[in-house]
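In what follows, a structure is listed as structure tokens, so that the remarks can point back to it.
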Amino acid sequence: MQKQCGNTAVLFFSRSPKAEGKSKQLIHSTEHKNTRIAEALIRHSRRQISDSGLPCYTFDEEGQRGLTFAERFTNAFKDIFSKGFEYVIAIGNDTPGLKADHLIKASQRLASGESDVVLGPATDGGTWLMGYSRYAFDADAFQQLPWNSSYLLNEVLSQSPEECTITLLKELADIDDHASLRQFIHTFYGDWSLARLARQIQSVLFSTVSSFVEIVHSYLLNHIFKSHLRRGPPLRSAVPLNSWKLKMEASA
């Protein structure tokens, strides 16, 4: 574990497992099973936060303030800045590829002054991590962003002042629905923490014969055609990169 300086905090913006189970239909089954999957994802995120050594503040449905997601998320940032922290790194509960190293790297980029903003691009056009210095955080502009849209990242970049230096971390996939959940469990990773998370989710799905057969079938396909399945997606650049100081991270 790598301990970090005390001027950076993690904002864990996550509903409770029960609330997630009601809101997200990750599998076409009972609310109980969706809640168990949410518990596994939240546990995984908390473990990565703990391993980063950074102080963490959790905002679930009990502690969030505001009528809309934009208001609640903005207020959570403001609440942590009001505690005296100079840098806030926000994550959610639905990115299995999140690592403690991502949080550490974001913290180092911000605290060193190398970057004013650190973003984790999601494959769906959103973000899985948002890190801001106090200087770069504009609450009004932040609240007006197109949250939960496929062009969120592009809007964050286009609205950032030219004098801001932005670091983009590795692109990762979120688990938002049944299709993205299947995509995750059908991909076998060498990483131990991801393998553990996949096993926990599979244990929920194994309660039905059809799910078991589907996963075994996918496992065989992954091993037979592994050379094809490991090809990464093409790099995308939907916005001009010369209007601000932008640093691309080639790896985690």
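The values are calculated or read from the model by the stated rules, or taken from the named source; none is laboratory data. Values in this document were obtained by computation on a predicted structure and should not be read as measured data. Here the Cβ positions follow ideal geometry from the backbone for every residue, glycine too, while neighbour counts run over all protein chains shown.
Here are some notes:
- Scanning segment 136-151 turns up one or more residues that are out of contact with any Asp or Glu (no Cβ under 8 Å at 6 or more places or on another chain), farther than 23 Å from SER82 by Cβ and aromatic (Phe, Trp, Tyr).
- Filter result for the condition that a residue is in the same structural domain as ARG36 (by TED's automatic domain parsing), touching a helix residue (DSSP H, G or I) at 6+ places or on another chain (Cβ under 9 Å) and closer than 23 Å to LYS18 by Cα, over PHE73, PHE77: PHE73
- Helices (runs of 4 or more DSSP H) (entirely within segment 37-148) containing at least 2 residues that are in contact with a Ser or Thr (Cβ under 8 Å, 6 or more places away or on another chain) and buried (at least 22 other Cβ atoms within 10 Å of the Cβ): 100-111
- Residue among ILE80, ILE49, ILE42 that is hydrophobic (A, V, I, L, M, F, W, C), modelled with pLDDT of 95 or more and within 15 Å of the chain's Cα centre (by Cα): ILE49
Matching residues to (1) of a type in the set (Gly, Ala, Ser); (2) touching a strand residue (DSSP E or B) at 6+ places or on another chain (Cβ under 9 Å):
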| site | (1), (2) |
| --- | --- |
| PRO17 | no, no |
| SER52 | yes, yes |
| THR58 | no, yes |
| GLY66 | yes, no |
| GLY97 | yes, yes |
| HIS102 | no, yes |
| GLY113 | yes, yes |
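- Residues of segment 174-183 that turn out to be in contact (Cβ under 8 Å) with a residue 60 or more places away in the chain, surrounded by fewer than 19 Cβ atoms within 10 Å (Cβ to Cβ) and part of a helix (DSSP H, G or I), as a count: 1
- Pick from segment 151-173, criterion part of a loop (DSSP other than H, G, I, E, B) and crowded, with 21+ Cβ neighbours inside 10 Å, ranking: nearest to the chain's Cα centre (by Cα): LEU169
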